[in-house]
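Quick notes on the structure that follows.
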Amino acid sequence: MSDASAPSLVLAVLPSFSAAAGLPEDDGQKLRTVVEGLLGFALDNAYPDGEPGEVDVTLEAGEGLVQVTVHDWGRPLMSRGGAWAHELDPARPVRAAVNQEMANPDTPVKEGDEVAFFPPVTGG
């Protein structure tokens, strides 16, 4: 949900997640900062007028890493217009690189590979 309680509900589970994942205290605080930023970005951009909506936050711990996924069903970033609409236009070609080498749709991606998209985009 995108109301004022959403961030506090998500952040309330972080201490127990961090403990279960065996994260040192400073890494737990870094995780909190990342989750706050991602969730805030999703809420501010997917539901800019404060209308209610849905945001999923998934936390997964693996060997030496934590994966955070924030997914919303709000407005796409391209609805902001301007450069957002131009850069994210579905008709615009997107190129990718794997491990700093240009890739094609058949290029395999393995765990630990670095993947970059051009034009670069970020978001929730």
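Structure notes:
- Flag for GLU51 being among the acidic types (Asp, Glu), in a loop (DSSP other than H, G, I, E, B) and at pLDDT below 80: yes
- Pairs with Cβ under 7 Å, 6+ apart, first in the range 5-29 and among the β-branched types (Val, Ile, Thr), second surrounded by 14 or more Cβ atoms within 10 Å (Cβ to Cβ): VAL10/VAL35; VAL10/LEU39; VAL10/VAL57
- The requirement of being of a type in the set (Lys, Arg), in contact with a Pro (Cβ under 9 Å, 6 or more places away or on another chain), over 20 Å from SER16 (Cβ atoms) and assigned to a loop (DSSP other than H, G, I, E, B) is fulfilled somewhere in the range 74-81, by at least one residue.
- Being in contact with a Phe, Trp or Tyr (Cβ under 7 Å, 6 or more places away or on another chain), among the hydrophobic types (A, V, I, L, M, F, W, C), under 28 Å from GLY112 (Cα atoms) and modelled with pLDDT of 80 or more holds for only one residue in LEU31, LEU59, LEU14, and it is LEU59.
- GLU101 vs. criteria charged (D, E, K, R) and modelled with pLDDT of 85 or more: yes
- Which listed residue, of THR33, THR69, is exposed (fewer than 14 other Cβ atoms within 10 Å of the Cβ), in contact with a strand residue (DSSP E or B) (Cβ under 8 Å, 6 or more places away or on another chain) and under 29 Å from GLU111 (Cβ atoms): THR69
The values are calculated or read from the model by the stated rules, or taken from the named source; none is laboratory data. Computed from a predicted model, the values in this text were never measured in an experiment. With ideal geometry, Cβ positions are generated from the backbone for all residues, glycine too; neighbour counts draw on all protein chains shown.
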